[in-house]
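A short reminder: the numbers here are calculations on the coordinates, not readings from a lab. Owing to the predicted nature of the structure, the values given are computational and were not obtained by experimental measurement. Note: ideal-geometry Cβ built from the backbone for every residue, glycine included; neighbour counts use all protein chains shown.
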């Protein structure tokens with residue numbers, strides 16, 4: 001039974017998840033390989049695959065190290081299955097890379113619960129979010145998480161509130177220096193960077209509608225249990241769980257304002273949704289229902305291929 005298999009966290013689960021991700025990645029990007037089959041394109045695809053795989057393991061480190069779920073592999077299999085349900089998220093390089101850096105930032109922010117190396121973690125998080133913003137501007141909304149983390153973890157030293165600005169300034173200086181050295185026009189670089197759109201007509205496809213509806217419905221149902229679960233957590237763990245809800249809200253905001261709505265913007269929802277749904281799966285008392293839910297999530301991508 002699949003629920004039993006992923007109820008543990010062992011090397012075999014990581015191998016299975018990696019193989020599944022490899023298959024999803026190849027199937028999603030077959031057109032890229034067929035249209036441009038040369039060494040450079042192949043190397044680029046390998047690089048993107050490694051970034052996607054690293055995203056999975058950074059996400060797993062975030063979850064297990066900070067006790068956001070119990071010791072199982074439900075979260076990483078869900079995280080990978082989401083790519084299969086919405087394969088558009090694998091087709092846009094900039095968002096894949098941006099999401100990777102957001103995961104790195106989220107890992108550092110959640111780890112503030114230890115109250116150790118606060119300045120270093122804040123600086124790292126601001127750097128990662130700033131770099132993510134270079135790849136996808138609306139990643140910048142995740143800067144809200146830095147201030148929120150400072151408030152939630154009750155970090156009162158005023159100096160710590162200045163560190164994120166130092167991190168952003170550091171990235172800004174490097175970028176401007178690059179543009180000057182290579183004689184790039186700064187104005188041209190910023191043209192269109194603030195674009196947004198509230199037109200959702202581009203998302204009107206059966207696969208995208210069915211896939212997103214499944215994620216939102218299961219995610220919303222699980223969210224009620226997740227919020228209820230926060231109250232049962234230890235005091236120093238509660239802020240971490242609240243940060244995950246905030247990251248979900250920010251991800252939804254990006255989905256709403258994304259200037260080019262093609263489904264790839266949903267990638268910012270994968271991490272918080274995987275954590276929230278995993279917390280629900282863990283408390284389901286009926287084995288048959290848990291098994292059914294996991295099979296529905298896993299088989300949905302196959303059904304979507306038939307639409």
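Taking a point 7 angstrom from the Cα of residue 288 along the C-beta vector, which residues in region 1-26 have backbone N less than 20 Å away?
From region 1-26, the list is 1-5.
If I model region 2-305 as equal point scatterers sitting on the Cα atoms and use the Debye formula, what is log10 I(q)/I(0) at q = 0.16 Å⁻¹?
With one equal scatterer per Cα and no solvent, log10 I(q)/I(0) is -1.44.
Divide by every residue of the chain the summed helix terms, -39500 (n - 2.57) for each DSSP H run of at least 4, and state the resulting mean residue ellipticity at 222 nm, rounded to the nearest 500 deg cm²/dmol.
-23500 deg cm²/dmol
Calculate the spin-label point distance for residue 43 paired with residue 14, positioning each point 7 Å from the Cα along the beta-carbon direction, and give it in nanometres.
Result for the modelled spin labels: 2.8 nm.
What order do you get for 261, 116 when you list them from fewest to most C-beta neighbours inside 10 Å? It would help to have the intermediate numbers written out before the result.
Working: 261 20, 116 9.
Taking fewest neighbouring Cβ atoms as first place, the list is 116, 261.
I want to verify a result. In a Gaussian network model of the chain, Cα cutoff 10 Å, which of these has the top mean-square fluctuation: 160, 236, 38?
38
Got a sec? How would 195, 185, 60 order by Cβ neighbour count within 10 Å, fewest to most?
Taking fewest neighbouring Cβ atoms as first place, the list is 185, 195, 60.
For region 206-307, what is the per residue volume of the convex hull drawn over the alpha-carbon atoms, in cubic angstrom?
Values: hull volume 9.5 nm³, N = 102.
Output value, Cα hull per residue: 94 Å³.
Contour minus end-to-end for residue 22 and residue 158, with contour as 0.36 nm per residue of separation and end-to-end as the Cα-Cα distance?
Length difference between fully extended and current span is 44.4 nm.
For the pair residue 51 and residue 115, how long in nm is the line joining their label points, each one 7 Å along Cα→Cβ?
According to this spin-label approximation, the distance is 3.8 nm.
If you take the beta carbon distance between residue 170 and residue 194 as r and set R0 to 25 Å, what does 1/(1 + (r/R0)^6) give as a FRET efficiency, to the nearest 0.05?
It comes to 0.70.
For 153, 14, 136, which order do you get if you count the other beta carbons within 10 Å of each Cβ and list the fewest first?
14, 153, 136
Taking the chain as a Gaussian network, Cα atoms linked when under 10 Å apart, which of 212, 55, 240 shows the biggest mean-square fluctuation?
In this elastic network of the chain, the residue with the biggest mean-square fluctuation among 212, 55, 240 is 212.
Distance from the Cα centre of region 218-270 to that of region 80-124, in angstrom?
Centre-to-centre (Cα) distance: 13 Å.
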